[in-house]
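Student: Mind having a look at this structure? Questions to follow.
No lab work stands behind these numbers, since they all come straight from the coordinates. This one's a predicted model, so the numbers in the text were calculated from it and none came from an experiment. Heads up, the Cβs are rebuilt from the backbone with ideal geometry, glycines too, and the neighbour counts pull from every protein chain shown.
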Amino acid sequence: MRGFKFVVWATVAGGCFAVAVPTVEAQVGVNIGIAPQCPYGYYDVAPYGCSPSGYYGPEWFSGGVFVGAGPWFRGPDNFRGHVNNGFHPEHGYKGPMPSRGEKAEPSRRVDSAHFSGNEERDGRGHATGGAR
């Protein structure tokens, strides 16, 4: 009889624990939030800091608005654009960086006549092999 009571109480306790455990559904997508507001675009790798004028070529802008990079890219699938990776901290750049929310200075915008890119990338940050 004593063993039977133990089994009954263990079953009741187990049932209570099973009911109390919340269910968790698998996450299908990753919520990355909104794209950073940067005057000249943002780097295509985390932490997605603002890049300086001259990092992205003019093909990355539509009507003065950055088309995005990395997870926020909003251009066509076959998009290719030039960058000057000398303006990337991973390549030794230590110059001034704009802050998020800072407004672009029209005098600092780089046009096709004054841009010197050294690498071609797709919108997701993958080097595609083309250079300027």
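Student: Please give the net charge around S53, taking every other residue with its beta carbon less than 13 angstrom from that of S53, where Lys and Arg add +1 and Asp and Glu add -1. Please list the in-between numbers first.
Tutor: On the way: positive: K103, R108, R109; negative: E102, E105, D111.
Residues close to S53 contribute a combined charge of 0.
Student: What's the extension gain from R100 to I34 if we count 0.36 nm per residue and subtract their Cα-Cα distance?
Tutor: Numbers: separation 66, 0.36 × 66 = 23.76 nm, distance 1.23 nm.
Using 0.36 nm per residue and subtracting the Cα-Cα distance, I get 22.5 nm.
Student: So for the pair R74, A46, with labels modelled 7 Å out along Cα→Cβ, what separation do we get in nm?
Tutor: Rounded to a tenth, the inter-label distance reads 2.4 nm.
Student: Under the 0.36 nm per residue contour assumption, what length would be gained going from the current alpha-carbon distance of D111 and Y93 to full extension? If you can, show how the numbers build up before the last one.
Tutor: Working: separation 18, 0.36 × 18 = 6.48 nm, distance 2.09 nm.
The D111-Y93 span can extend by a further 4.4 nm.
Student: Tell me the relative contact order for the stretch 34-132 as a rounded percent, counting alpha carbon contacts under 8 Å between residues six or more apart.
Tutor: Details: 190 pairs, mean separation 34.2, N = 99.
Relative contact order for the stretch 34-132 comes out at 35 percent.
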